[in-house]
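Asker: Got a structure here, written out as structure tokens. Questions coming.
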Amino acid sequence: MRRKSLTWVGWIALFFLAAWLRLNNLESTPIHADEATGAKILSQRIEGTGYNFDPKHYHGPFPSLVAESIARLSGETSWVDLSLFTLRLGSVIAGLLTVMSPLLWAKTVGVVPALAAAACLASSPLLVYYNRIYIHESWLLLFGIITLAALHRLYARKNLPMAIISGISIGLLFAIKESFVLSILAWAGSATLLLVIHRPKLRLHRLRPQSLTLVFLLVLASFCTSSYLYSDGFRNLQGIIDSCKTYIDYETAPGHEKKFSYYLHFLLWPKKTVGTLWTEITVFALAAIGLWRTGKERKSGSIGIFLATATLLHWILYSCIAYKTPWLMLLPWGHVCLLAGLAFYNYQTLSLTQRRSLLLLFIGSIGWQIVQSREATGTYANDERNPYAYVATSRDARKIPEWIQQIQALPEASIRQNNRIAVIGKQYWPLPWFLRDFREVEYHPIPNKSLADYSIVFALPEQNTACDARLDKSHDKFLKSLRSNVPVSIYLQKDLAKAWYQTNPQ
Amino acid sequence: MLISLLLLTACSDTKKPDNKSSDVAKPENDSQGLPLTTEIPEELLEGTPQPIKVANLEPVLNTAPSLIVDKDTRLLSRNKPVSGSDDFPIIGDLSYITDGDKEAGEGYFVELIDGPQWVQIDLGQTARLSAVWIWHYHSQKRAYHDVIVQVSNNADFNDSVITLFNNDYDNTSGQGKGTDQPYVETRFGKLIDARSSEARYVRLWSCGNTSNDMNHYIEVEVFGSAE
């Protein structure tokens, strides 16, 4: 009884640790460009214009569906109303459920390994950082772990409900992000390896019809789930076709190409910046111990080998793709955290010295991870020296709306028939988030002929020269930081600039 | 005569780092003034240089800036006490600002937290100021936001404040709107004319930069004459 109570205290403590790391000052980091585009997609839903999946630019619909529910509960019903807290809360919830997800493995591997895995998931700076951002990968990780647990049960029990649950879970994975196929490939590769190890004489003709029925039900449930979500509840059947077309049509933004070793360097190689030593290598070491501890056992050994192989295959697949971003590592790293928990598998069989050493490594790892998580999400949350911050938005950009409001409140501006704002250039996100309060905002890739007629013009760096040439005589120019090393030039019509300076001059 | 002095200064700017110019202004003739010179640090660009593509920033310097100052001008700020709005800098120490080291890289700069922050140099006595020469950070091409340089005889800057430079166009720091242009940091620093202001304290504001939201100083030199 006492042991059971202690276990629950452990789970509750981990839940609160995870919640504290994820919810603390959730809105302090400026909105990321990808969050802002996600928010714009979400606004289609909450403004009642329907959801139309775009195979060129969208990922799956599931995160925006959850965010829609949260927004409605919060009473936010438009693009202008949306708050950063509401936007990010869905990812936080996904993160908290992920931390609790090792409960699904507790009966198989034991309570202590499950708790240890949960502690690694709760404190990982990678997971903490990106559970605080409105992106798809937090949900992908959660349903990745749920799918693994469901497939494991299906393999063990071979019953109909588990086939349907597994299918729904895979369907949700597809409805979260198209990149789920990489995980399916990694899992299939790992399962194949296990079959080779444990069932060398397996023959396909020996598969019973019942197994084929379960596979059919799994695929059917998966298809129905993803189709329902991509077609906005079967209201737009084109969405089902587009969900497949996205593998051909999706356009990735340039500038994210990195070398093969990027993820190794990012997560494992120790880096000392801004007073912090960044690395999650100690959890990787625990995972190696987990593989060693379970390798000899048939039951848990399968899980250890499966997780290790799946991690390796994920890592190789993602590293082979030139397009790399930190958040793509969430699901692979979730595997590492689960494997790290297995370091405590049958820990009673270890000698006292081994137990103490393992405990020391574990406590040190979790403590160090918490420190890194706090640093990563604190003062340096959007600083390029923080390895987890990626193309982060400058805090300077948050001052833009207030400044424009002050400009538009000037008598010289209020008597005008229009106070149009133009944004010139292509990679302008998350600028629309900061300009959402203003009605007359236009976006042009290059300057148009009537550029001088706009009260305020924002120019991205590649359009500076062109805008300078057209606005030199009509506008004054100012500077704001949009993203790290991406300053945006702001042109303000000279009469407004003159009036602006006359209020509260130096 | 003035043209000759400027040409002389321009030539001296191309000196190699090991052939550093003096950090104490020396008279070169007996006329009204002389060009202010100081030790210019070596170039150190860390990582991949990030070009700042903002065309109307002040032109990026390829040589040290020049200013004609009175012949009795000297460096007043070396090792003078520095205080700041952020009492516990994240990296480095406020004393770095007047220690004479202008090198780029780790260990030479002080980093203050984000938001509008100031540092203040106490010259110890009222002086007639000729120039303030600032190096925020020069191992990466970047521009600092809302740079303001003020001088005063009042340590709290409550009154008698003279603003020498201000590019805080949206009044982020609450010191009034400034019309000076932003500029890209280089190893040559930013030289600001102090216009013979009489003051004991020099306060410098900033609010982040185009690379990150933090505030940095490598060195600040205040030149002038004092009894």
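The values are calculated or read from the model by the stated rules, or taken from the named source; none is laboratory data. Remember, predicted model here, so these are calculated numbers, not experimental data. Here the Cβ is made from the backbone with ideal geometry for all residues, glycine too, and neighbour counts use every protein chain on show.
Asker: Filter the range B:86-112 down to residues that are in a loop (DSSP other than H, G, I, E, B), within 11 Å of chain A (Cβ to nearest Cβ) and more than 21 Å from B:V202 (Cβ to Cβ) and give me whichever is modelled with the lowest pLDDT.
Answerer: Among them, the one singled out is B:E106.
Asker: Could you tell me which numbered condition A:D453 fails, if it satisfies all but one of (1) at pLDDT 95 or above; (2) more than 14 Å from every other protein chain (Cβ to nearest Cβ); (3) touching a Lys or Arg at 6+ places or on another chain (Cβ under 9 Å)?
Answerer: (1)
Asker: Based on this model, can you work out whether A:A497 counts as hydrophobic (A, V, I, L, M, F, W, C), at the interface with chain B (Cβ under 9 Å from one of its Cβ atoms) and either farther than 16 Å from B:T210 by Cβ or more than 36 Å from the chain's Cα centre (by Cα) (or both)?
Answerer: Yes; evaluated as a whole, the condition is true for this residue.
Asker: For the range B:175-199, what are the residues that are in a strand (DSSP E or B), within 11 Å of another protein chain (Cβ to nearest Cβ) and either among the hydrophobic types (A, V, I, L, M, F, W, C) or out of contact with any helix residue (DSSP H, G or I) (no Cβ under 9 Å at 6 or more places or on another chain) (or both)?
Answerer: B:Y183, B:V184
Asker: Pick from the range A:475-486 the residues that are within 7 Å of chain B (Cβ to nearest Cβ) and assigned to a strand (DSSP E or B): which of them is farthest from B:N212 (Cα to Cα)?
Answerer: The residue in question is A:K477.
Asker: I'd like the full set of residues that are among the β-branched types (V, I, T) and closer than 18 Å to A:L104 by Cβ, limited to the range A:124-175.
Answerer: Those that are among the β-branched types (V, I, T) and closer than 18 Å to A:L104 by Cβ: A:I145, A:I146, A:T147, A:I164, A:I165, A:I168, A:I170.
Asker: I would also like to ask the following. Under the condition of being among the aliphatic types (A, V, I, L, M) and touching a helix residue (DSSP H, G or I) at 6+ places or on another chain (Cβ under 8 Å), which residue from the range B:66-120 is farthest from B:K190 (Cα to Cα)?
Answerer: B:V82
Asker: Hey, another quick one. In the range A:232-267, what count of residues is obtained for those that are surrounded by 15 or more Cβ atoms within 10 Å (Cβ to Cβ) and without any contact (Cβ under 8 Å) to a residue 24 or more places away in the chain?
Answerer: Of the residues in the range A:232-267, 1 are surrounded by 15 or more Cβ atoms within 10 Å (Cβ to Cβ) and without any contact (Cβ under 8 Å) to a residue 24 or more places away in the chain.
Asker: Taking A:D437 and the conditions (1) assigned to a loop (DSSP other than H, G, I, E, B); (2) within 14 Å of chain B (Cβ to nearest Cβ); (3) of a type outside the set (S, T, N, Q), which numbered condition does it fall short on, given that it satisfies the others?
Answerer: (2)
Asker: Take the range A:361-403 and flag every residue that is within 13 Å of chain B (Cβ to nearest Cβ), part of a helix (DSSP H, G or I) and surrounded by fewer than 23 Cβ atoms within 10 Å (Cβ to Cβ).
Answerer: A:E375, A:R395, A:A397, A:R398, A:K399, A:I400, A:P401, A:E402, A:W403, listed by residue number.
Asker: Would the range A:487-494 turn up any residue that is of a type outside the set (K, R) and not in a strand (DSSP E or B)?
Answerer: Within the range A:487-494, none of the residues are of a type outside the set (K, R) and not in a strand (DSSP E or B).
Asker: Within the bounds of the range A:194-211, is there any residue that is in the same structural domain as A:F143 (by TED's automatic domain parsing) and at pLDDT 90 or above?
Answerer: There is no residue in the range A:194-211 that is in the same structural domain as A:F143 (by TED's automatic domain parsing) and at pLDDT 90 or above.
Asker: Now for a separate question. Could you check how many residues of the range A:1-30 are closer than 20 Å to A:G90 by Cβ and charged (D, E, K, R)?
Answerer: 2
Asker: In contact with a strand residue (DSSP E or B) (Cβ under 8 Å, 6 or more places away or on another chain) and either crowded, with 23+ Cβ neighbours inside 10 Å or without any contact (Cβ under 8 Å) to a residue 60 or more places away in the chain (or both), is that true of A:P125?
Answerer: Here the answer is yes, as A:P125 does meet what is asked.
Residue by residue, here is whether (1) in the same structural domain as A:A116 (by TED's automatic domain parsing); (2) of a type outside the set (S, T, N, Q); (3) surrounded by 15 or more Cβ atoms within 10 Å (Cβ to Cβ) holds:
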residue	(1), (2), (3)
A:E27	yes, yes, no
A:I31	yes, yes, yes
A:N52	yes, no, yes
A:P55	yes, yes, yes
A:L65	yes, yes, yes
A:G75	yes, yes, no
A:L84	yes, yes, yes
A:G95	yes, yes, yes
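Asker: Being aliphatic (A, V, I, L, M) and within 22 Å of B:D193 (Cα to Cα) narrows it down to one of B:I162, B:I113, so name that one.
Answerer: The unique qualifying residue is B:I162.
Asker: Which residues, counting only those in the range B:171-221, are within 19 Å of A:R483 (Cα to Cα), touching a Lys or Arg at 6+ places or on another chain (Cβ under 7 Å) and small (G, A, S)?
Answerer: Within the range B:171-221, B:G208, B:S211 qualify.
Asker: Right, next: Can you name every residue in the range A:345-371 that is modelled with pLDDT under 95 and aromatic (F, W, Y)?
Answerer: A:Y345, A:Y347
Asker: If I go through the range B:135-146 residue by residue, how many of them are more than 11 Å from chain A (Cβ to nearest Cβ) and part of a loop (DSSP other than H, G, I, E, B)?
Answerer: Adding up the residues that qualify gives 4.
Asker: Go through (1) touching a helix residue (DSSP H, G or I) at 6+ places or on another chain (Cβ under 8 Å); (2) within 16 Å of A:T325 (Cα to Cα) for A:K259 and report which single condition fails.
Answerer: A:K259 satisfies all of (1) touching a helix residue (DSSP H, G or I) at 6+ places or on another chain (Cβ under 8 Å); (2) within 16 Å of A:T325 (Cα to Cα) except (1).
Asker: Is the range A:461-474 home to any residue that is in contact with a His (Cβ under 7 Å, 6 or more places away or on another chain) and within 10 Å of chain B (Cβ to nearest Cβ)?
Answerer: No.
Asker: Suppose we keep only residues that are crowded, with 19+ Cβ neighbours inside 10 Å and small (G, A, S) within the range A:36-50. Which one would you say is farthest from A:A175 (Cα to Cα)?
Answerer: Taking the candidates together, the pick is A:A36.
Asker: Let me ask something additional. Do we find a residue being touching a residue at least 24 places away in the same chain (Cβ under 8 Å), within 24 Å of B:Y183 (Cβ to Cβ) and buried (at least 16 other Cβ atoms within 10 Å of the Cβ) anywhere in the range A:435-456?
Answerer: Yes, the range A:435-456 contains at least one residue that is touching a residue at least 24 places away in the same chain (Cβ under 8 Å), within 24 Å of B:Y183 (Cβ to Cβ) and buried (at least 16 other Cβ atoms within 10 Å of the Cβ).
Asker: For the range B:57-92, name all the residues that are within 18 Å of B:E219 (Cα to Cα) and among the basic types (K, R).
Answerer: Hits for the range B:57-92 are B:R74, B:R78, B:K80.
Asker: Here is a check on your reading of the model: is B:G124 more than 14 Å from chain A (Cβ to nearest Cβ), out of contact with any strand residue (DSSP E or B) (no Cβ under 6 Å at 6 or more places or on another chain) and in a strand (DSSP E or B)?
Answerer: yes
Asker: Residue pairs, Cβ under 7 Å, 6 or more apart or interchain, first in the range A:153-174 and closer than 14 Å to A:V215 by Cβ, second assigned to a helix (DSSP H, G or I) and acidic (D, E). List them.
Answerer: Correct list of pairs: empty, since none qualify.
Asker: Return the only residue of B:T172, B:T163 being part of a strand (DSSP E or B) and hydroxyl-bearing (S, T, Y).
Answerer: Criteria check complete, one pass: B:T163.
Asker: I've got another one for you. Only one of these is β-branched (V, I, T) and either within 14 Å of chain A (Cβ to nearest Cβ) or in a loop (DSSP other than H, G, I, E, B) (or both): B:V132, B:V149, B:V202. Name it.
Answerer: B:V149
Asker: Let me confirm something: among A:A409, A:A459, A:A413, which residue is closer than 22 Å to B:D170 by Cβ, of a type in the set (A, V, I, L, M) and surrounded by fewer than 18 Cβ atoms within 10 Å (Cβ to Cβ)?
Answerer: From the options A:A409, A:A459, A:A413, the qualifying one is A:A409.
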